[in-house]
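Read the structure below first, then the notes.
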Amino acid sequence: MATPLYDAVRKYIENTKVRTHTPGHSGKADTLSCFNDMLPFDVTEVEGLDSLYHADGVIAKAEKLASELFGTKATLFSAGGCTLAIQTMLALTLKEGDTLLCSRNAHTSVQNCCGLLGVDMQFVYPNDDMRISPCDVKAALEQNDKIKAVMITSPNYYGIISDVKAISDVCKEKNLPLLVDNAHGTHLNFFGLHPIQQGADITACSAHKTLPVLTGGAYLNIANEKYVSGAKQKMSMFGSTSPSYPIMISLDICREYCENKAKADFLQLEQKVRHLKEVAIGQEIRVLDSNCDPVRLTLDMGTLGEKTAQTLREHGVECEMSDERFVVMILTPFHTDEQLSVIENAIKHCPKSTDAPLGKDLHKTTFAMSVRKAMFAESQCVDIENAVGRVAAACVTLCPPGIPVTVPGEVISSEIVDILKNSGTFKINVIK
């Protein structure tokens, strides 16, 4: 199967004796010898290598093949991660003064982009099962006719998948686009669980999180023809004029892998993850399983999440993230059986899960002003103890998972202050 962009860059490397263009390492700088294998592929928009935001050559061909893989009207490469894909789909579907109905567990890039676009936000909160309810979406749409798009995060960081199909049906009744931050679910295509397969109009898919792609590589998947023509122009508003060719090449190579081998690999991985879950259950450790990413291993430790992560670390396993309750491990087909055995052994040394209430609370807050107004208002930095009742001037985000504890324009509650103090945040920017 062809890899148009990768093939074109390889041909360029073979045929070019001297580079007199950017980047400054010229493909072989001794100071970057640790990257010797990659340097020749770090090129720019020279003859024959196309241009990402005006693609009509090898990048366009590579994106068309990716579109065929995902079954979309168009698939765009992003070398600026899922953030650039999110910015693009928000700019495609919303204009200044519109309202976005958004899950409160959205990534910080969503709130920041809404501020830049002058878009108001209304939040819908996950239920105790940590999913967004279609009924809650429907109720919000019936109460506010200023909502012009709906955006949810699915799967969330823990691998929990919302009912995208039912939410899509609700949106279609109102003729509104459904946008899905599918950062952690690009691979769900192999299980029939990808949001595009469930009726989403546009998805931002951070391929580098679960697939063999260099960090910063993402796909913007567009299923609704209405949003295809303006996509490149909107992406160029936010993206670098010097997108990374190594990242784009990795997206091209990954697409070929997905076409030829990935599905079999991921189905096999599912069985291996199932075994690890059974080992954990045998140790009286709860795991997230129902309506979840089939290959994500999330341990529900009750109140021992951080302690469990440290135990795993002591046995040679570094997890993706941990918090007070959960430990998240991202597993891929590139983990060897030997590595999976290390994980299994580490799990056997972990404590038993403790009892804890269902759900993961996101404290409900109120907006005192729009996100945009707060972002650009005069602000001051105050001690966190003096912030209760003040209005946040910026996102304060714990990463991972990248969800803002405060959003610009929100009134800071005592619960929010406690969360920030517990996370080691002792100062915050508020509106003067």
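The values are calculated or read from the model by the stated rules, or taken from the named source; none is laboratory data. Bear in mind that the values here come from a model prediction, so they are computed numbers and not experimental data. Virtual Cβ from ideal backbone geometry, glycine too; neighbours counted across all protein chains shown.
Just a few scattered comments:
Conditions tested, residue by residue: (1) of a type in the set (Phe, Trp, Tyr); (2) out of contact with any helix residue (DSSP H, G or I) (no Cβ under 9 Å at 6 or more places or on another chain); (3) in a loop (DSSP other than H, G, I, E, B).
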residue	(1), (2), (3)
MET329	no, no, no
PHE334	yes, no, yes
GLU338	no, yes, no
CYS350	no, no, yes
ASP355	no, yes, yes
MET369	no, yes, yes
LYS373	no, no, no
CYS381	no, yes, no
GLU385	no, no, no
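- Filter result for the condition that a residue is assigned to a helix (DSSP H, G or I), out of contact with any Asp or Glu (no Cβ under 6 Å at 6 or more places or on another chain), closer than 30 Å to THR332 by Cα and among the hydrophobic types (A, V, I, L, M, F, W, C), over ILE167, ILE152: ILE167
- Within segment 281-302, the residues that satisfy the criterion of being in a strand (DSSP E or B) and touching a Leu at 6+ places or on another chain (Cβ under 9 Å) are ARG286, VAL287, ARG296, LEU297, THR298, LEU299, ASP300.
- Residue identified as under 29 Å from GLY185 (Cβ atoms) and not hydrophobic (A, V, I, L, M, F, W, C) among PRO351, PRO401: PRO401
- Among the residues of this structure, VAL287 counts as one that is among the β-branched types (Val, Ile, Thr) and over 18 Å from LYS209 (Cα atoms).
- Residues in segment 123-147 that are buried (at least 17 other Cβ atoms within 10 Å of the Cβ) and within 22 Å of the chain's Cα centre (by Cα): PHE123, VAL124, PRO126, MET130, ARG131, ILE132, SER133, PRO134, VAL137.
- Residue check for GLU306: touching an Asp or Glu at 6+ places or on another chain (Cβ under 7 Å), in a helix (DSSP H, G or I) and not assigned by TED's automatic domain parsing to the domain that holds ILE132: yes
- Residue match in segment 51-63 (condition: touching a residue at least 60 places away in the same chain (Cβ under 8 Å) and among the small types (Gly, Ala, Ser)): yes
- Yes/no for ASP163 being at pLDDT 95 or above, touching a Pro at 6+ places or on another chain (Cβ under 8 Å), charged (D, E, K, R) and under 28 Å from LEU299 (Cα atoms): yes
- Residue, nearest to THR241 (Cα to Cα), within segment 1-27, restricted to residues that are surrounded by 11 or more Cβ atoms within 10 Å (Cβ to Cβ) and among the hydroxyl-bearing types (Ser, Thr, Tyr): THR22
- Qualifying residue in segment 379-400 (condition: out of contact with any strand residue (DSSP E or B) (no Cβ under 6 Å at 6 or more places or on another chain) and surrounded by 20 or more Cβ atoms within 10 Å (Cβ to Cβ)): no
- Residues (under 23 Å from the mean Cα position of the chain (by Cα) and among the aliphatic types (A, V, I, L, M)) located in segment 403-418: ILE403, VAL405, VAL407
- Qualifying residue in segment 81-96 (condition: in the same structural domain as ALA223 (by TED's automatic domain parsing), more than 19 Å from ILE202 (Cβ to Cβ) and in a helix (DSSP H, G or I)): no
- Flag for ILE253 being more than 20 Å from the chain's Cα centre (by Cα) and assigned by TED's automatic domain parsing to the domain that holds HIS187: yes
- Restricting the first member to segment 1-17 and to residues that are closer than 14 Å to GLU45 by Cα, and the second to residues that are of a type in the set (Ser, Thr, Tyr), the beta-carbon pairs closer than 7 Å and six or more apart or on different chains are VAL9/TYR245.
- Residue selected from segment 25-69 under the condition acidic (Asp, Glu) and part of a helix (DSSP H, G or I), by the criterion modelled with the lowest pLDDT: ASP30
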